[in-house]
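Structure first, then comments.
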Amino acid sequence: MGKTTLGMQFLTAKAGEPALFVTMGEHVDQLRTDARNQGFDLSGVEFLDLTPAQGDSMDLESYDLMAPAEAESNPIGERIGEIFKALRPRRVFIDSLSHLSYLAPDAFQYRKQVMGLLRYLTQHGATVLSAAEIVVEPANADELQFLADGIIDLSWRGERRLLSVTKFRGAGYVGGVHTIRLDGRGMTCYPRLEPGEHQRGHQRETLESGVPELDRLLMGGITKGTVTVISGPTGVGKTTLGLQFLRAVAARGERSVLYSFEENDQTLRCRAESTSLDFAEAEADNRFALHTIEPLRYSADEFAERLRDEVENRGASMVMIDSLSGFRLSVAGDDMVQRILSLCRYLTNMGVTVLVINEVANIAGETVQVSEEGISFLADSVLMLRYLELNGQLHKAIGVLKKRTGNFEKTLREFEITKEGIRVGEPLTQLRGILRGFPELVERSVDSDS
Ligand SMILES: Nc1ncnc2c1ncn2[C@@H]1O[C@H](COP(=O)(O)OP(=O)(O)O)[C@@H](O)[C@H]1O
Ligand SMILES: [Mg+2]
């Protein structure tokens with residue numbers, strides 16, 4: 001479950017601080033081997049082995065080492081006392097308190113013993129972390145909750161390990177469940193993102209795309225520090241359009257970052273090159289970064305942590321998430337909308353401009369679907385790409401469905417991907433039925449149009 005790893009982490013967190021590991025379950029040799037495999041430096045950690053096999057009489061009387069008054073007359077108590085005087089440990093980890101309950105005759109005795117032990121340790125200047133197998137003895141769970149100043153819950157959800165703080169006396173903490181990872185470097189925790197905690201002043205600037213007709217469609221461009229959703233069916237050019245904005249940001253000398261949940265590095269680079277949206281140069285001087293994310297290997301918490309690193313340590317100014325369906329896979333089981341909302345809120349609080357790619361299922365249908373999940377709620381602007389059939393030929397069109405921060409053109413324009421880049425045409429004013437995907441030419445003379 002990770003309790004022992006967390007204990008090791010706690011004991012070795014501050015180099016040079018004497019620490020004590022009291023084990024009642026696993027043997028010291030095993031603990032040392034495991035800790036070494038996880039890369040912990042045990043030089044400051046002393047072990048006290050209270051496992052039943054260690055020769056000490058394990059009768060209940062001798063286990064009553066917790067009552068300070070009786071500590072002198074109790075062999076294990078004396079051992080603890082000795083080791084305390086010698087070590088003066090600042091950190092103590094007990095693995096686990098549950099083992100005591102097997103030895104205590106009843107809940108009252110158990111509580112008395114645990115309280116005594118904890119008082120003894122804390123009065124000697126130690127901070128105590130203790131493992132407990134709540135699941136094994138729910139009857140004692142309440143007791144432990146009462147005794148502890150803080151409770152850290154470790155659990156599983158499917159393949160994922162989770163951590164949550166359910167009690168923490170005297171200080172604030174981030175609520176909810178957080179992803180943890182256990183590997184060759186011990187435990188890493190990815191705290192849930194709290195958008196409200198982050199704020200950074202920024203100016204409301206307009207970011208041009210660099211394609212004049214597109215900027216005219218947007219009546220200037222997109223607004224810095226807002227969320228733009230690029231919506232459309234597969235293959236229509238959403239990723240390419242996003243790259244155009246990222247490149248424009250890079251051209252301003254700022255850093256833009258693409259998180260690709262869908263395509264691999266190679267595919268993306270090839271297409272960017274073949275459409276004159278090559279980003280190698282910007283990448284070389286840190287104005288661009290491509291991160292390909294394998295959805296099933298990252299949780300939303302880990303993804304948020306990586307995003308924060310980009311924003312807070314590398315100064316990312318624009319972030320593109322390609323796509324929402326890929327992101328959905330990485331939040332498996334969680335509320336996707338809530339997660340993406342809190343990410344976007346964090347990013348815009350920090351003045352970062354966000355592009356979210358949203359793939360819609362219908363290629364040419366009756367409805368203009370922005371998304372099945374109310375994603376339009378998070379969008380300050382929605383750019384829509386769609387296919388349209390004209391004189392028996394397949395064309396693409398681009399339009400703005402929404403822009404909270406200003407005016408925009410209400411007509412569609414033809415959209416094309418060429419090897420020279422994105423090309424946007426003049427407004428398609430002489431067509432009707434565009435939104436349904438079956439446009440017809442409106443019968444009227446060219447001069448009466450303007
Ligand atoms: N060099 C090129 N010239 C013209 N069209 C291209 C070129 N490279 C890719 N495309 C077109 O770009 C489209 C893919 O764009 P993409 O941005 O990946 O779409 P989406 O992200 O919406 O799935 C395809 O329709 C493909 O035909
Ligand atoms: Mg794409």
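Miscellaneous remarks
- Kirkwood hydrodynamic radius of segment 206-449, from inverse mean 1/r over distinct Cα pairs, in Å: 18.4
- Local charge for Phe408 was computed over the other residues whose Cβ lies under 12 Å away, with Lys and Arg +1 and Asp and Glu -1, and equals +3.
- Cross-link pairs beyond the 23 Å C-alpha cut-off, checked among Lys14/Lys112; Lys238/Lys403; Lys3/Lys85: Lys14/Lys112; Lys3/Lys85
- The gain in end-to-end length when the Thr51 to Thr292 segment is fully stretched comes to 82.0 nm, 0.36 nm per residue minus the alpha carbon separation.
- For segment 5-35 versus segment 392-429, the spacing of their alpha-carbon centroids is 62 Å.
- Most tightly packed first, judged by the mean number of other beta-carbon atoms within 10 Å of their residues, the peptides 266-278, 111-123 read 111-123, 266-278.
- Working ranking of peptides 280-287, 124-131 by packing, defined as the average number of other Cβ atoms within 10 Å per residue, highest first, is 124-131, 280-287.
- Whole-Å distance, taken between Cα centres, linking segment 160-229 and segment 289-303: 14
- By the beta-carbon count within 10 Å of each Cβ, the least crowded to most crowded order of Asp215, Asp183, Asp34, fewest first, is Asp183, Asp34, Asp215.
Only the coordinates and a few stated rules stand behind these numbers; no lab work does. Bear in mind the structure is a predicted one, so any value in this text is a computation, not a measurement. Heads up, the Cβs are rebuilt from the backbone with ideal geometry, glycines too, and the neighbour counts pull from every protein chain shown.
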